[in-house]
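The values are calculated or read from the model by the stated rules, or taken from the named source; none is laboratory data. Everything numeric here is computed off the predicted structure, so don't read it as measured data. Cβ: placed from backbone, ideal geometry, glycine included. Neighbour counts: every protein chain shown. Quick note on the areas: whole protein, heavy atoms, side chains included, nothing else; ligands and nucleic acids left out. Shrake-Rupley method; radii C 1.70, N 1.55, O 1.52, S 1.80 Å.
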Amino acid sequence: MNNQKNSFFGKIDWLTIILWFSLCLIGLFNIRAAVFNPEMPSFFTLGTNYGKQSLYLISAIILGVSILIIDAKFFSSASPIFYGITAILLIIVLVVGRNVGGNQAWIDLGFFRLQPSEFAKLSTCLLLANFLSAQSNKAPTMQTLAMGAGIVLFPVFLVMLQPDTGSALAFFSLIFVFYREGYVNNELLIFGGLCILLFVLALLFNPWILILVLTVIIGFFMWSFRKKRKYLINLSILLAACSVFILCVDLVYDHVLQPHQRNRIDIILGKMDDPRGQGYNLNQSKIAIGSGQFWGKGYLQGTQTKYNFVPEQSTDFIFCTVGEEWGFVGSVTLLAIYVTLLLRIIHIAERQRSAFARIYAYGVASILFFHFFINIGMTIGIVPVIGIPLPFISYGGSSLWSFTILLFIMLKFDSNRKGVV
């Protein structure tokens, strides 16, 4: 019996669990710092966010242990059911959901607010892994890519109806899963990066001047390959496509994005300076992080935090608390833990024998990386503020539970990697 027990726990990747628990504790202490009330100092005071987060963490531990006990095959076979349930919840939230900050993204259960979009990322990763693993013995086809994209885009459509742009964008990080499985090649990734670059440049410069510059650049390559007709045709098509894309940027920018989203992008690009309005959150965030300097001001000593200068500091802007109270050293330490976790997940993904487990693990890495990069990026002003939580750190039960379940299902698959998932 002892040998079986030791064998079972020996298969669990304890380093990942230690990293997860470290992030959760860092989150709990910084949530307490962000909303600290001297009259209710206990971590278990339910009238405070840190008191509630303590209960969320305890329940997350129970969820994690429960997942490690369940048969790994259950998650793969039940993935369509999970996907269906979250899709129904995403529809329900559009009818009875509670509107917070302009997003109707929460179902109010009285004692708890459920955010279905957080769990939809989990179910999408499971169903996508289920579908793509069934095609793993076949050559990648456009039909398979289209069907896989449909699995991802359906919840995106429902989330955009809330509208919650930040959560919707997180699903697009799953393109790395398609890339790993060979459905997306390097050329397509480069093309996607080129589109993003052209989008930004079209917002900064006159579109006709940009097209002229692009024509000169591509014209140079056309002259270099003037004797190769195939290249000339491809470069001509590229120039035409880029020109149409550039001319459509203003149309999309003015009629698809909401005013506050346009303002946030304008602030990042330096086209707008509004420190007391749309740029207030970002401005205060930079002040808080910068004021921490090298060592930080000390735990519970942050003035920006203590006097509530930074809105949403226990949720979307929790990294400000880390920067102010723990300084450069604390911020780098947190970044190092995240990077180590992401590298560990990729290592776990590559050692899987099951295609399902490998694909799912890459889905986990993609979702966590997106949240990690965008959340920290928006607090330091390198990406627009779109309002997504920092995994395991930000306050919120839905966020903590969904990311914990996402991670621990991967750990269960890894512990069972010698078997069949």
Table column - 3J(HN,Hα) (Hz), segment 178-193, Karplus curve with 6.51, -1.76, 1.60, x for Gly and Pro
4, 5, 4, 8, x, 8, 10, 9, 4, 4, 5, 5, 5, 4, x, x
Label model pair Thr340, Phe373: point-to-point distance (7 angstrom along the Cα→beta-carbon line) in nm is 2.2
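Let me know the volume per residue of the alpha-carbon convex hull for segment 282-421, in Å³. Let's see the in-between values first.
Numbers: hull volume 14.7 nm³, N = 140.
Once divided by residue count, the hull of segment 282-421 is 105 Å³.
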As an exercise, use a Förster radius of 25 Å and the Cβ-Cβ distance of Leu238 and Leu203 to find the FRET efficiency, rounded to the nearest 0.05.
0.75
Scalar couplings 3J(HN,Hα) for segment 125-141 by Karplus 6.51 cos²θ - 1.76 cosθ + 1.60 (θ = phi - 60°), nearest whole Hz, x for Gly and Pro, are 4, 5, 5, 4, 5, 4, 5, 5, 5, 5, 9, 5, 8, 10, 5, x, 10
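Based on a Kirkwood Rh over C-alpha pairs, give the Stokes-Einstein translational diffusion coefficient of segment 191-256 at 37 °C and viscosity 0.692 mPa s in µm²/s.
Values: Rh = 12.5 Å.
Answer, rounded: 262 µm²/s.
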Among Arg226, Arg417, what's the order by accessible area (1.4 angstrom probe), most exposed first?
Arg226, Arg417
For the Phe21, Leu161 Cβ pair and Förster radius 41 Å, calculated FRET efficiency rounded to 0.05 is 0.70
Compare His255, His347, His371 by solvent-accessible area with a 1.4 Å probe and give them largest first, with all protein chains kept in place.
His255, His347, His371
Taking H as built 1.01 Å from N, whose amide H comes closer than 5 Å to the amide H of Thr45, not counting residues under 5 places away?
Gly51
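Could you calculate the FRET efficiency of Tyr299 with Val256 from 1/(1 + (r/R0)^6), where r is the beta carbon distance between them and R0 is 45 Å, rounded to 0.05?
Working: r = 43 Å, r/R0 = 0.96.
Efficiency at R0 = 45 Å is approximately 0.55.
Please work out the ratio of the alpha-carbon Rg of the chain to 2.2 N^0.38 Å and round it to two decimals. Mind showing how you got there, number by number?
Numbers: Rg = 23.3 Å, N = 421, 2.2 N^0.38 = 21.9 Å.
So the chain has a normalised radius of gyration of 1.06.
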I'm a student and want to see the number: the projected area of the Cα convex hull of segment 145-264, averaged over all directions, in nm².
9.1
If I histogram all Cα-Cα distances within segment 338-419 using bins 10 Å wide from 0, what percent of pairs lands in each bin?
18, 45, 27, 9, 1
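Just order 241-247, 385-391 by mean Cβ neighbour count inside 10 Å, highest at the front, would you? Write out the running numbers ahead of the final one.
On the way: 241-247: 15.9, 385-391: 24.3.
Per-residue Cβ counts within 10 Å, averaged per peptide and sorted highest first, yield 385-391, 241-247.
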Diffing segment 347-357: the Karplus 3J(HN,Hα) column from phi (6.51, -1.76, 1.60, θ = phi - 60°), in whole Hz with x for Gly and Pro, holds 4, 4, 4, 6, 8, 6, 8, 8, 4, 4, 5
Enter the mean projected area of the convex hull around the alpha-carbon atoms of segment 1-150, in nm², rounded to one decimal.
13.6
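Can you give me the % of accessible surface on segment 191-256 that is carbon or sulfur? Probe 1.4 Å, all protein chains present, nothing else counted. Write out the running numbers ahead of the final one.
Values: 3600 of 4670 Å².
Carbon and sulfur: 77 percent of the exposed surface of segment 191-256.
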